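What follows is one structure encoded as structure tokens, with my remarks underneath.
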Amino acid sequence: MTALIYCPFPDAASAEAIGRALIEERLVACINIGSPVRSIFAWEGTVDEGEEAPCLLKTSSKLLARAIARLEDLHPYDTPAIVGWNCDAAGRATERWLGAI
């Protein structure tokens, strides 16, 4: 089964470096790094804002928990926002690709 992870990074360079590490460690098959987005968020009792690089990582359900744990270890934020979920449906080719990680 296919799983996805969403996680913003402070910049595209850190997203690329960590994404490559997760791919090389065979925890994810792909990372899509988006254009910068403006984030407004509650942090330590105040409202703050900044630019981030949104990322979507593709993996298999069997690797989801390990991929999230490793991403949390590698991420430059002290408290990264990482969410992962199993997909209800995916194409057969996608399932084969992610099942081969």
Please report 9, 41 as a ranked list, fewest other C-beta atoms within 10 angstrom at the top and most at the bottom.
41, 9
How far apart, in nm, are the 7 Å Cα→Cβ label points at residue 46 and residue 94?
4.1 nm
Fewest Cβ neighbours within 10 Å first, please rank 57, 63 accordingly.
63, 57
Roughly how tilted is helix 12-24, in degrees to the nearest 10 and between 0 and 90, from the longest Cα axis of the chain?
30 degrees
For the chain, what is the relative contact order in percent, using Cα pairs closer than 8 Å and at least 6 residues apart in sequence?
44 percent
I need the P(r) histogram for the chain: all alpha carbon pairs, bin width 10 Å from 0 out to the longest distance, whole percents.
16, 47, 28, 8, 1
For region 72-91 and region 28-50, compute the distance between their C-alpha centroids and round to whole Å.
13 Å
Computed about the Cα centre, the charge dipole of the chain from +1 Lys/Arg and -1 Asp/Glu charges at the Cβ has a magnitude in debye, to the nearest 20, of 740 debye
Dipole of the chain, positive direction: furthest Cα of 76, 19, 46, with charges on the beta-carbon
19
Relative to the longest principal axis of the C-alpha atoms of the chain, give the angle of the C-alpha long axis of helix 64-74, reported between 0 and 90° and rounded to the nearest 10°.
40 degrees
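Read the figures in this text as sums done on the coordinates, not as results from a lab. The structure displayed is predicted, hence computed values, not measured ones. Here the Cβ is made from the backbone with ideal geometry for all residues, glycine too, and neighbour counts use every protein chain on show.
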